[in-house]
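The block underneath contains the structure these notes are about, expressed in structure tokens.
The values are calculated or read from the model by the stated rules, or taken from the named source; none is laboratory data. These numbers were taken from a predicted model, which means no experiment stands behind them. All Cβ positions, even for glycine, are placed from backbone atoms using ideal geometry, and neighbour counts span all protein chains on display.
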Amino acid sequence: MFRLLYHLIAALARLAVRSGRSKDLEIIVLRHQLQVLRRQVDRPAIHDDDRGLLGAIAAALPRRLRDGWIVTPETLLRWHRRRVARHWTQPPRSRLGRPPTAVELRRLIMRLATENPTWGYRRIHGELVGLGHKIAQTTVWQILKDNDIDPAPGRSEVTWTEFLRSQAAVACDFFTVDTATLRRYYVLFFINVDTREVFFAGLTANPTGAWTTQAARNLFLNHTDQLTGARALVRDRGSQFVDSFDEVFRSEGLKILRTPVRTPVANTFAERWIGSIRRELLKQPEGLPRTIIWNQRQLERLVIDYVAHYNGHRPHRSLEQRPPEASHEPPPSMPASVIALRTTRCDGLINEYENAA
């Protein structure tokens, strides 16, 4: 049956070609191809040129000859309404008022506010006038407000961290470690607020005033050069820090800054280092120990090794990812090889990496 139908359609097609009706045959083929494509494409992509051509031809053809098009009459009407609306839309008017402030001038205003916390918008405006920039005071105020820059009283407040850095302070504190036999040891350390360098002062099971005083003397005997520029010592109000302990630092020209009662955030540099050594050496994030401490000798060896790692290798964000005592500068360009050699410290608990030669 299919074969007979195929021969009949082929004979009619040859007859149409001989009689000069080839265009009608071509139209039939094109319409059939259109039906095939419509079965494959759910929503064809139509551009503005297609809309213009179809709309112009649709205006000339009768409605009955538009059957089988890929667009409906409602779509043609929607295109027409959109064309009319676009034709009668008024062009955008020029912006009224004063011209916008140049980007470079806005950046200069924010720079002046950042570098001079005590300057208000009037003081910044006066500086701009001296530089030859014509701008209104209210414009300076609005630019500072848009960039979430607080007024001068809020920006000029000195934080405790900024105060300690300006004083070139050295902070000290104790932290405790319990051994496997439930023996508790107290570790005393000092940290230079400016350079972040840590000094291990010793550990003991009984931190008396005499012991801390001797630890202070040993600090200046062993690290005099590193403490040359220090002008203040930050400590809490622990009973271990007796008057003789403070007198050692006063004799070296340092002021004693005691933190408020029960305010560990005032000694934030020391507290942050305690958190680092606990996380990286002594405890896991779940609170479980990373290693078991058996005696004082093992604890002292681990702490000394960690302090050497902290000062000589561990990167610090405040130091542009450099350690406090950098032994060498990073490579000026990307190394040709990505092979890195690993070395371990603190009985394998800390890893350090360097480029292979």
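Tabulated values for the structure
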quantity	calculated
Tally, over segment 229-274, of residues that are in contact with a strand residue (DSSP E or B) (Cβ under 8 Å, 6 or more places away or on another chain) and either within 18 Å of F174 (Cβ to Cβ) or of a type in the set (A, V, I, L, M, F, W, C) (or both)	24
Any hit, segment 303-316, residues being small (G, A, S) and in contact (Cβ under 8 Å) with a residue 12 or more places away in the chain	yes
Search result, residues across segment 275-288 that are of a type in the set (D, E) and part of a helix (DSSP H, G or I)	E280
Check on V242, crowded, with 19+ Cβ neighbours inside 10 Å and at pLDDT 90 or above	no
Residues of segment 260-274 that turn out to be surrounded by fewer than 12 Cβ atoms within 10 Å (Cβ to Cβ) and at pLDDT 90 or above, as a count	0
Flag if S337 is touching a residue at least 12 places away in the same chain (Cβ under 8 Å), loosely packed, with under 15 Cβ neighbours inside 10 Å and not assigned by TED's automatic domain parsing to the domain that holds Y186	yes
Residue match in segment 293-313 (condition: within 28 Å of R235 (Cβ to Cβ) and among the basic types (K, R))	yes
Selection within segment 99-116 - of a type in the set (G, A, S) and not in a loop (DSSP other than H, G, I, E, B)	A113
Enumeration of residues in segment 289-331 that are part of a loop (DSSP other than H, G, I, E, B) and either within 16 Å of E354 (Cβ to Cβ) or not assigned by TED's automatic domain parsing to the domain that holds R272 (or both)	H313, R314, P315, Q321, P323, E325, A326, S327, H328, E329, P330, P331
Residues (at pLDDT 85 or above and not in a helix (DSSP H, G or I)) located in segment 117-166	L131, G132, H133, K134, I135, A136, N147
